[in-house]
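These notes are about the structure you will find just below.
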Amino acid sequence: MDRLPGFRDFYPEPLPHPDVWSADARQYIFDCWREIARRYGFREYDGPPLEPLDLYTLKSGDEIVGQLYNFIDKGDRPVSMRPEMTPTLARMAAAHERNYKKPIKWFAVPQLFRYEKQQKGRLREHFQFNADILGEAGPSADAELLALLIDVLRIFKLTSEDFVVRLSSRNAWMEFFEKRCSDPGKSYEFFQIIDKLEREMPEESSKKLSAIGFSLNEVNDFIVAGKPTAELESIVNNLSDRGLAEFVRIDYHVIRGLAYYTGVVFEAFDKKGEFRAIAGGGRYNNLVKLISGGKVDMPALGFGMGDVVLLELLKSRGLLPAFDSGIEAFCLIEDETLRGPSLKLVQHLRESGYAVDYFFTLTKSDKQFKRAIELKARFTVKLEITAQQELVVRMKNLQTREEKIVVPPDLPGLL
Ligand code: HAM
């Protein structure tokens, strides 16, 4: 039986086949994400992978709603696998915001599901690092979030040669829109056209823009001028104080596809333009109010970074570390009468925090030794009985080949 298209199998390294993904690489990415979140004082949360369908049809926008894995459950409830984390976060924060001091700084690493056309950088399931700040309306929160995004990419040893964060503002686009169009009902359609500008033929975009009273030329002029709003200027200055200004660029091509964004929006891309967006996010000041039915009104902002593009980028730049299991000790059991005391030794070492392995059944000595080498054990340890009937451990350092005889209680301190 094959797995479904767009889904992945994660295997431990060394990988058995090029068509599978590395569980070790995935763990490395998760560890780096969590480490940066910790440095920035973000706390981890999680929610259910299955949600009521309404949570997404309310405000995420047509594109993502068209990609939902939704169905009717056995209790006749319309439900959906989560395609993104932001609506869940808005619901969770609204439910218990009184218990948390503002600003709330939370992160999550959910697995998300979108019925997308499978292509480079886009699958039907991915893991996404989400970092969000709730309860702060000023641009210093936007700058803090962008600094976090930049540092997440830098912890993987990516530099300003490798990536750039393209910074934009829906406020700037809204002002552009309102100066030329008096029908606010058309703004969503307008934003969708701008979002697709770089992916569509100019004739196609031009036709769509003319249909709602805009010209492609005026849109392009606005993008080329790239005049930062006061808010964007303040964010760039803040990042400049941290020495991070070289990682951002004002770029009004970015407007974001999701419907709920209200202000500053941004996307991170590799500089060579080989890959899809590495991350994307922005302000969504009305979503908490909408999802809580007007009960809680809280400004919010955040971003999501998927593991798929990030891994492709790290692989292509040779930035993934080598992964091996690297245990501390392999216990050789060559005399079955010593299996009991050997298990006691293994247990003692594991309780002392060491990674230890051994063979479950009687196995030839050379095979046991070979397995120790394959597992990259630092030591082999073997129980022996001396002429004085004393139980000792022969420990061998597999790198230096140096051997030592010690008594079992001393072993943990010597590894
Ligand atoms: P998004 O732009 O839809 O935003 O996704 C963010 C990132 O997730 C993308 O830049 C990409 O790296 C990754 N991604 C998205 N879809 C796929 C896919 N089908 N396969 C692989 N990777 C994918 C959001 O989801 C917003 N909820 C982010 C956010 C958080 N905004 C505020 N807070």
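The values are calculated or read from the model by the stated rules, or taken from the named source; none is laboratory data. On a predicted model such as this, the values are computed, not experimentally measured, just so you know. Don't worry about glycine lacking a Cβ; one is built from the backbone with ideal geometry, like all the others, and counts go over all protein chains shown. The protein model used for the area step is the full one, side chains on, heavy atoms only, and it has no ligands, DNA or RNA in it. Shrake-Rupley method; radii C 1.70, N 1.55, O 1.52, S 1.80 Å.
So the values come out like this:
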| item | result |
| --- | --- |
| Between 0 and 90°, nearest 10: helix 216-225 axis offset from the chain longest Cα axis | 60 degrees |
| Using distinct alpha-carbon pairs, which all enter the 1/r mean, Kirkwood radius of region 1-88 in Å | 16.1 Å |
| Listed peptides 158-165, 182-189, 321-328 by packing density, highest first (mean Cβ within 10 Å) | 158-165, 321-328, 182-189 |
| DSSP beta bridges in region 10-316 [antiparallel fraction, %, rounded to 5] | 85 percent |
| Relative contact order, percent, region 329-414 [alpha-carbon distance under 8 Å, six or more residues apart] | 28 percent |
| Net charge of neighbours whose Cβ lies under 11 Å from the Cβ of ALA329, counting Lys and Arg as +1 and Asp and Glu as -1 | +2 |
| Share of carbon and sulfur in the accessible heavy-atom surface of the chain [1.4 Å probe, %] | 51 percent |
| Those aspartates and glutamates that a straight Cα-Cα span of less than 14 Å connects to LYS102, excepting residues fewer than 8 apart in one chain | ASP132, GLU136, ASP297 |
| log10 of Debye I(q)/I(0), alpha-carbon scatterers only, for the chain at 0.08 Å⁻¹ | -0.58 |
| Within the chain: Cβ-based charge dipole about Cα centre, in debye rounded to nearest 20 (Lys, Arg +1; Asp, Glu -1) | 340 debye |
| Relative contact order (percent, whole number), region 251-405, Cα cutoff 8 Å, 6+ residue spacing | 15 percent |
| Straight-distance crosslink candidates among aspartates and glutamates, where the alpha carbon sits under 13 Å from LYS382 and sequence neighbours closer than 8 are dropped | GLU334, ASP335, GLU336, ASP357, GLU403 |
| Efficiency of FRET between ASP357 and ARG317 - r from beta-carbon atoms, R0 41 angstrom, step 0.05 | 0.75 |
| Within straight-line cross-link reach of LYS196, aspartates and glutamates at Cα separation under 19 Å, skipping those fewer than 8 residues along the same chain | ASP62, GLU63, GLU116, GLU204, GLU218, ASP221, ASP251, GLU267, ASP270, GLU274 |
| Contact order relative to length of the chain, as percent, for alpha carbon pairs under 8 angstrom and 6 or more apart | 15 percent |
| Accessible area in square angstrom per residue, the chain, 1.4 angstrom probe | 51 Å² |
